[in-house]
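Comments concern the structure below.
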Amino acid sequence: MSSINYDLNKIKAFIFDVDGVLSPDSIPMSPEGEPMRMVNIKDGYALNLACKTGYGLAIITGGDTEAVRLRFSRLGIEHIYMKSSIKITDFNDYLSKTGYKPEEIIYVGDDLPDYQVMQAVGLPVAPADAAPEIRGIAKYISHKKGGEGVARDVIEQVMKTQGTWMNDKAFGW
């Protein structure tokens, strides 16, 4: 049974921010000044399974590193928006390219740049350590912090509700 107060049978797509959501909000820097993100393996498995099962997935991030693009494209995510300065613009582009309706989408964000998109989607989600303004508009606040399994939390709840979690695609990469 899900702890999310939303009709999860409506959900067809997931959109995630990266920093503070799919990676912790504190990240080391390389000697060259590049941010080096850590990612959660269970998040990665859930993202890949959702892609293989036919859910829409997208990344909308202000960051711009090849490592982020490679990580998420290798998991099967086709729609990756990098250097997103106004995220609602990229969200609208995603809608126009995919045909999804806002009420069919979960967006997981943790800070002010995510605010407009979270207001636009059917199910705005925040990690446990999100900014107060974001927690204030989230319809679900995960018990997981950013980078510690928040994607797995929401994807698993949706897929279990829809009966797609333990499908024939679940047993392998």
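Here is how the numbers come out for the structure above:
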{"read-out": "Reach of K10 by Cα under 12 Å, taken over aspartates and glutamates that are not fewer than 8 positions away in the same chain", "value": "E103, E104"}
{"read-out": "Packing-based ranking, highest mean first, of 61-68, 138-145 given that Cβ atoms within 10 Å are counted", "value": "138-145, 61-68"}
{"read-out": "From phi via Karplus (6.51, -1.76, 1.60), per-residue ³J(HN,Hα) for the range 6-12 in Hz, x at Gly/Pro", "value": "6, 6, 5, 5, 6, 6, 10"}
{"read-out": "Ordering of 27-40, 112-125 by burial proxy (mean other Cβ atoms within 10 Å per residue, highest first)", "value": "112-125, 27-40"}
{"read-out": "Distance histogram in 5 Å bins (all Cα pairs of the chain, percent per bin)", "value": "1, 9, 19, 23, 23, 15, 6, 2, 1, 0"}
{"read-out": "Charge tally in the Cβ shell below 11 Å around M82, where Lys, Arg are +1 and Asp, Glu are -1, M82 excluded", "value": "-1"}
{"read-out": "Residue pairs, from the table K52/K97; K97/K145; K42/K101; K83/K169; K42/K97, whose Cα atoms sit over 26 Å apart", "value": "K97/K145; K42/K101; K83/K169; K42/K97"}
{"read-out": "Beta bridge orientation in the chain: antiparallel %, DSSP, nearest 5", "value": "5"}
{"read-out": "Interchain or long-range residues, amide H under 5 Å from I59's placed H", "value": "F16, H79, I80, Y81"}
{"read-out": "Axial C-alpha extent at least 15 Å, average Kyte-Doolittle at least -0.5 - helices from the chain (DSSP)", "value": "41-53, 150-162"}
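Where a number appears in this text, it was derived from the coordinates with a stated rule and is not lab data. Predicted model, so just to flag it, every value in this text is computed and none were measured. Neighbour counts run over all protein chains shown; Cβ positions are idealised from the backbone, glycine included.
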